[in-house]
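Worksheet: the structure to be examined is printed underneath.
The values are calculated or read from the model by the stated rules, or taken from the named source; none is laboratory data. The shown structure was predicted, so the numbers you read here are calculated from the model rather than taken from an experiment. Note that each Cβ is placed from the backbone with ideal geometry, even for glycine, and that neighbours are counted across all protein chains shown. The accessibility values were calculated without ligands, DNA or RNA, using every heavy atom of the protein model including side chains. Shrake-Rupley method; radii C 1.70, N 1.55, O 1.52, S 1.80 Å.
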Amino acid sequence: MNNYKITLLKGDGIGPEIVNQAVKVLDKAAEKFDFTVTYDEALLGGCAIDATGVPLPEETVAKCKASDSVLLGAVGGPKWDNQPGNNRPEAGLLGIRGALGLFANLRPSVIFGPLKSASPIKDDIIGDNMDIMIVRELTGGIYFGERGRKEVGGQPAAWDTEQYTVPEIERIARVAFDLAMKRDKRVTSVDKANVLESSRLWRETVIRVSRDYPEVTLNHMYVDNCAMQLVRNPKQFDVIVTSNIFGDILSDEASMIAGSIGMLASASLSGGKLGLYEPIHGSAPDIAGQNIANPLATILSVAMMLRYSLGQSEAAEAIEAAVSEVLKTNRTPDIYEEGMTKVTCEEMGDLVCAQL
Ligand code: IPM
Ligand code: MG
């Protein structure tokens, strides 16, 4: 029987409560699909700062590297707002992405049938099967570029740098084209090539990589236009590939089109087996510890882990189907609609397990 070693990075805020529900669902899937899971926990983010002084202790990196996959809750909160920039919880998150070489971030934006009315976008615009895969470059660009403070004309100023190398663009483009081959064979590359030199290199490189994928239709879109097109006609998109910062912004927008940021999962991949899986939402410190957070994005992140890292796609599909079924009548407060049963974070986890 296959056994998988999973490192849990529960993090801060609602992180621990949502990860606990996802673990319950993973254990249930293991029982049903005949595999076993052993867990180890490690510190990341604010909780790591409290315990060790830094947001990403070396032990955490070592534990993650030694596991088959990593499940992350969320990091950050007002408690650590006064930390210097390079010691904030978020720096821990960027650090683990860099340390594990997780250059490809997959953020699917799909509408779960029963949640269609939760989307702020009109029914006929979303259609019945909106399914966008945002492929965000995750270990380069302005997030990892040099930055600093200086003086300009005697005034305090600050600067950040957006830089991409050709190999960085090539490998993320390949991830997008490979995914498109298994989907609707359409890739939209998003950049700001009318202004930024790094975007012009991005575009040239994506075009060159596209020659290896003659079956895939490639088009290019400026990021401002893409932000507009996502709400005007989201159905036009299949795979979107873009830089770190543009992907960060567009994936939040796409999540809301799908109904709630509390629903969307993500996978961060390194090209090898090891991946890190996390909901795209944050640590929601305002509702932490109240048992009202929506655990579905984390549960769906477990489904992505089963599919992309553990080779258990049947179990992944079963979890996604169970979530869809449970949503027909049960809702956490963030996606509550009249006539539904309002459930807690824990009850939602139990319902998905029961449905499985
Ligand atoms: C995300 C988050 C992070 C990011 C923050 C918390 C650093 O917004 O995963 O989208 O910007 O990458
Ligand atoms: Mg973000």
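Numbers below:
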{"quantity": "Search result, residues across the range 74-119 that are farther than 28 Å from I132 by Cα and touching a Phe, Trp or Tyr at 6+ places or on another chain (Cβ under 8 Å)", "calculated": "R88, P89"}
{"quantity": "Residue in the range 343-356 that is under 12 Å from L115 (Cβ atoms), free of Cβ contacts under 8 Å to residues at least 40 places away in the same chain and either buried (at least 17 other Cβ atoms within 10 Å of the Cβ) or touching an Asp or Glu at 6+ places or on another chain (Cβ under 9 Å) (or both) present", "calculated": "no"}
{"quantity": "Selection within the range 251-261 - within 14 Å of ligand 2 (Cβ to nearest atom) and either over 19 Å from R136 (Cβ atoms) or open to solvent by 10 Å² or more (accessible area, probe 1.4 Å) (or both)", "calculated": "D252, E253, M256, I261"}
{"quantity": "In the range 312-342, residue surrounded by the fewest Cβ atoms within 10 Å (Cβ to Cβ) [restricted to those that are farther than 14 Å from P295 by Cα, of a type in the set (A, V, I, L, M) and touching a helix residue (DSSP H, G or I) at 6+ places or on another chain (Cβ under 6 Å)]", "calculated": "A316"}
{"quantity": "Total residues in the range 232-246, condition more than 15 Å from ligand 1 (Cβ to nearest atom) and either surrounded by fewer than 24 Cβ atoms within 10 Å (Cβ to Cβ) or over 15 Å from the mean Cα position of the chain (by Cα) (or both)", "calculated": "7"}
{"quantity": "Residues being in contact (Cβ under 8 Å) with a residue 60 or more places away in the chain and part of a helix (DSSP H, G or I) - total across the range 3-22", "calculated": "7"}
{"quantity": "Considering residues of the range 238-251 that are assigned to a helix (DSSP H, G or I) and either of a type in the set (A, V, I, L, M, F, W, C) or in contact with a helix residue (DSSP H, G or I) (Cβ under 7 Å, 6 or more places away or on another chain) (or both) only, the residue nearest to N129 (Cα to Cα)", "calculated": "L250"}
{"quantity": "Candidate set from the range 263-291 (those that are at pLDDT 95 or above and open to solvent by 40 Å² or more (accessible area, probe 1.4 Å)); member that is farthest from ligand 1 (Cβ to nearest atom)", "calculated": "N291"}
{"quantity": "Lone unmet requirement of (1) of a type outside the set (K, R); (2) closer than 30 Å to A322 by Cβ; (3) open to solvent by 30 Å² or more (accessible area, probe 1.4 Å); (4) under 23 Å from the mean Cα position of the chain (by Cα) for F144", "calculated": "(2)"}
{"quantity": "Helices (runs of 4 or more DSSP H) completely within the range 34-153 that count 1 or more residues being away from ligand 2 (no atom under 16 Å from the Cβ) and at pLDDT 95 or above", "calculated": "46-52, 58-65, 89-99"}
{"quantity": "Out of P84, P16, sole residue that is within 17 Å of Y277 (Cβ to Cβ) and open to solvent by 10 Å² or more (accessible area, probe 1.4 Å)", "calculated": "P16"}
{"quantity": "Residue in the range 247-262 that is farther than 28 Å from D123 by Cα and either away from ligand 1 (no atom under 12 Å from the Cβ) or in contact with a strand residue (DSSP E or B) (Cβ under 6 Å, 6 or more places away or on another chain) (or both) present", "calculated": "no"}
{"quantity": "Hits in the range 196-237 (condition: in a loop (DSSP other than H, G, I, E, B), touching a Lys or Arg at 6+ places or on another chain (Cβ under 8 Å) and aliphatic (A, V, I, L, M))", "calculated": "V216"}
{"quantity": "Number of the condition not met by A284 [criteria: (1) on the phi > 0 side of the Ramachandran plot; (2) more than 16 Å from ligand 2 (Cβ to nearest atom)]", "calculated": "(2)"}
